[in-house]
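Coordinate-derived values only; no laboratory data. This is a predicted model, so every value here is computed, not measured. We place every Cβ from the backbone using ideal geometry, glycine too, and count neighbours over all the protein chains shown.
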Amino acid sequence: MPYQDHIIEMSQLIKNKNGAWDGIDPEAVARMRLQNRFKTGLEIARYTADIMRKDMAAYDADPANYTQSLGCWHGFIAQQKMIAIKKHFGTTKGRYIYLSGWMVAALRSEFGPLPDQSMHEKTSVPELIEEIYTFLRQADARELGLLFRDLDAARKAGDSKKEQELQDKIDNYETHVVPMICDIDAGFGNAEATYLLAKKMIEAGACCIQIENQVSDEKQCGHQDGKVTVPHEDFIQKLRAVRYAFLELGVDNGVIVARTDSLGAGLTKQIAYSKEPGDLGDKYNSFLDVEEIDPATAKNGDVVINRNGKLFRPKRLPSNLFQFRAGTGEDRCVLDCITALQNGADLLWIETEKPHIGQIAGMVDRIREVFPNAKLAYNNSPSFNWTLNFRQQVFDDYVKAGKDVSAYDRDKLMSVDYDATELAIEADNRIRTFQKDAAARAGIFHHLITLPTYHTAALSTDNLAKEYFGAAGMLGYVAGVQRKEIREGIACVKHQNMSGSDIGDDHKEYFAGEAALKAGGVHNTMNQFA
């Protein structure tokens with residue numbers, strides 16, 4: 001509803017109260033309404049789900065329309081990211097937020113820092129979703145509040161042209177609230193546990209839930225060893241559980257990302273149930289590492305598989321886990337992805353051990369033989385050594401092309417000594433265009449970095465500590481932080497405003513009129529940053 005229509009509606013409502021509400025300013029109410037566009041997490045989930053669906057259709061029409069996100073572990077970090085995006089690009093279109101289970105475990109658990117093994121409190125996931133959207137809504141309120149102040153100033157100056165421009169900006173305001181892809185790990189339990197947690201996440205604002213095919217109580221980070229997958233039927237139950245949660249809450253456009261860890265997972269906890277040869281359970285079991293046995297030599301407790309009248313014993317580890325044959329990872333990934341799409345998943349996630357477009361595209365091509373519009377969310381992970389990986393890829397391409405590589409040591413290409421070489425420059429260029437190239441060739445609709453703000457916080461804090469506690473002293477903060485904030489137009493330099501002080505002053509004026517004791521007067525030191 002346009003700004004003026006809100007004012008008209010409120011004016012009529014107040015008038016109908018026969019003087020009892022005359023102390024209420026209809027324009028102030030209009031402003032507060034616009035500053036609080038989203039009243040519930042479910043409103044956010046429905047709104048952002050529609051955005052994702054439109055973006056997915058745009059990508060299908062042209063893969064140049066891929067989307068991106070950065071992982072955030074605090075509402076403030078997400079807020080500053082979206083403020084920066086609006087500042088530098090003028091729009092949030094195509095830019096999302098990623099909520100990483102790894103960062104929840106490492107940074108948000110009451111147990112302290114934990115590895116990415118689903119040991120943290122499951123409630124911390126929806127709590128972080130709600131926190132992030134609270135901060136994004138506050139970013140809206142802050143920015144609109146500044147527009148309202150400018151509108152008042154234009155009116156006071158009698159500048160009707162400026163007043164109309166500002167009203168148009170208010171009426172066409174773009175929110176900081178964007179889709180969030182939310183990591184539910186392996187569901188934190190069985191299908192019922194998955195459903196219950198998914199509901200909490202959706203109620204907090206999640207329009208997109210990412211779930212992986214690992215065993216919940218054996219879950220490992222996708223870039224660590226020891227991953228254990230579940231049979232497809234078990235995973236399908238959890239996909240259905242998430243869909244039921246979306247539908248129950250009226251988020252009919254909710255998005256499910258089905259992640260397969262099969263490329264790096266060589267173990268399973270269960271032999272899949274199979275009714276007949278060639279069914280899904282049989283396909284899963286066909287990848288097991290087995291040995292033929294004589295029935296007479298079978299031992300008590302052996303698990304035995306019958307294949308064409310012959311008995312085979314799957315190799316069982318001391319951990320009581322069963323082992324897949326080496327080299328079957330890609331085939332298992334493809335089967336996982338096709339099965340997930342056949343059972344309600346919207347997007348795929350293939351966790352790889354390196355960022356290699358050819359490897360990803362090889363699997364996606366096979367999936368697209370069955371699902372031509374299959375799309376991926378891909379982890380541009382900080383667990384990859386991007387510099388070394390891409391320099392080695394260029395090195396290998398040089399060798400294949402017959403180019404002289406005698407000046408390079410392939411195992412030491414990370415060295416700063418190579419930074420200015422032709423090989424390193426070519427590698428950096430491939431890193432720069434990786435997302436665009438992978439979107440076009442490998443079906444990647446969404447590129448995300450899981451843990452970037454974990455690393456930026458560590459890096460910036462290290463730099464500040466080195467300077468401030470060293471010879472630079474206070475200049476370490478002033479030159480390294482504050483002066484850069486001022487010159488680069490970082491809104492947070494006015495931290496009182498960012499924390500909501502001016503919004504609070506506006507409310508004081510609405511509530512108390514001339515009696516309001518406001519913080520933003522002439523003696524507020526934030527005026528030094530005007």
Original post:
Could you state the number of Å between the C-alpha centres of region 232-290 and region 328-371?
Top reply: 13 Å
Subject >> Structure-based [θ]222 nm, the chain - -39500 (n - 2.57) summed over DSSP H runs of at least 4, per residue, nearest 500 >> reply: -15000 deg cm²/dmol
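How large is the dipole of the chain about the Cα centre if only Lys and Arg carry +1 and Asp and Glu carry -1, each at its Cβ, rounded to the nearest 20 debye?
Details: 63 positive and 75 negative charges, 49 e Å.
Here the chain has a charge dipole of around 240 debye.
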Original post:
If you keep only loop residues by DSSP, which GluC sites (Glu not before Pro) in region 480-520 have at most 11 other Cβ atoms within 10 Å of their Cβ?
Top reply: E488
**OP:** Work out the FRET efficiency for V478 and K354 from their Cβ-Cβ distance, taking R0 = 56 Å, and round it to the nearest 0.05.
**Re:** 0.85
**OP:** Can you give me the three principal axis dimensions of region 126-254 from its C-alpha atoms, in Å, biggest first?
**Re:** 70, 32, 18
Original post:
What is the distance in Å between the Cα centres of region 148-205 and region 441-461?
Top reply: 22 Å
Original post:
Taking a spot 7 Å from the Cα of L13 along the direction of its beta carbon, which residues of region 38-60 have an amide N less than 18 Å from it?
Top reply: 38-40
**OP:** Rounded to the nearest 10 degrees, what's the angle between the helix 75-89 long axis and the longest principal axis of the chain, both from Cα atoms, 0 to 90?
**Re:** 80 degrees
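Given the peptides 56-63, 115-122, arrange them by the average over their residues of other C-beta atoms within 10 Å, most packed first.
On the way: 56-63: 14.5, 115-122: 18.5.
Ranked by mean Cβ neighbours within 10 Å, highest first: 115-122, 56-63.
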Subject >> Calculated FRET value between I425 and Q68, using beta carbons and R₀ = 30 Å, to 0.05 >> reply: 0.80
**OP:** Report the label-to-label distance for D437 and I271 in nanometres (one decimal), using points 7 Å from each Cα along the Cα→Cβ vector.
**Re:** 4.6 nm
Subject >> Zone residues, region 48-64, relative to N373, backbone N less than 16 Å from point 7 Å out along Cα-to-Cβ >> reply: 50-64
**OP:** Give me the net charge of I357's neighbourhood, meaning all other residues with Cβ under 11 Å from the Cβ of I357; Lys, Arg count +1, Asp, Glu -1.
**Re:** +3
Subject >> Net +/- balance of residues flanking D289 in space, Cβ distance below 11 Å, scoring K and R +1, D and E -1 >> reply: +3
Subject >> Kirkwood-Stokes translational diffusion coefficient of region 323-415, alpha-carbon pairs, 20 °C, 1.002 mPa s, µm²/s >> reply: 139 µm²/s
**OP:** Between D159 and E509, take the C-beta separation as r, use R0 = 22 Å, and let me know the FRET efficiency to the nearest 0.05.
**Re:** 0.50
Original post:
So how tilted is helix 452-468 from the main axis of the chain? Cα-based, degrees 0 to 90, rounded to 10.
Top reply: 60 degrees
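Which of the chymotrypsin sites (Phe, Trp or Tyr not before Pro) found in region 391-499 are in a DSSP loop and have at most 13 neighbouring Cβ atoms, other than their own, within 10 Å?
Details: sites: F395, Y398, Y408, Y418, F434, F445, Y454, Y468, F469, Y477; in loops: Y408, F469.
Passing sites in region 391-499 are F469.
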Original post:
What angle do you read, to the nearest 10 degrees and between 0 and 90, between the alpha-carbon axis of helix 386-400 and the longest principal axis of the chain?
Top reply: 50 degrees
Original post:
For region 57-111, with equal point scatterers placed on the C-alpha atoms only and solvent neglected, what are the log10 I(q)/I(0) values from the Debye formula at q = 0.18, 0.23, 0.30 1/Å, to two decimals?
Top reply: -0.70, -0.90, -1.13
**OP:** Return the percentage of antiparallel bridges among DSSP beta bridges fully within the chain, rounded to the nearest 5 %.
**Re:** 25 percent
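Starting from the Cα-Cα distance between T123 and A61, subtract it from 0.36 nm times their residue separation and give me the gain in nm to one decimal. Mind showing how you got there, number by number?
Numbers: separation 62, 0.36 × 62 = 22.32 nm, distance 3.82 nm.
Result: 18.5 nm gained on full extension.
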Original post:
What fraction, in whole percent, of alpha-carbon pairs in the chain exceed 32 Å separation?
Top reply: 54 percent
**OP:** Among DSSP beta bridges whose residues both lie in region 195-346, state the antiparallel percentage, nearest 5.
**Re:** 60 percent
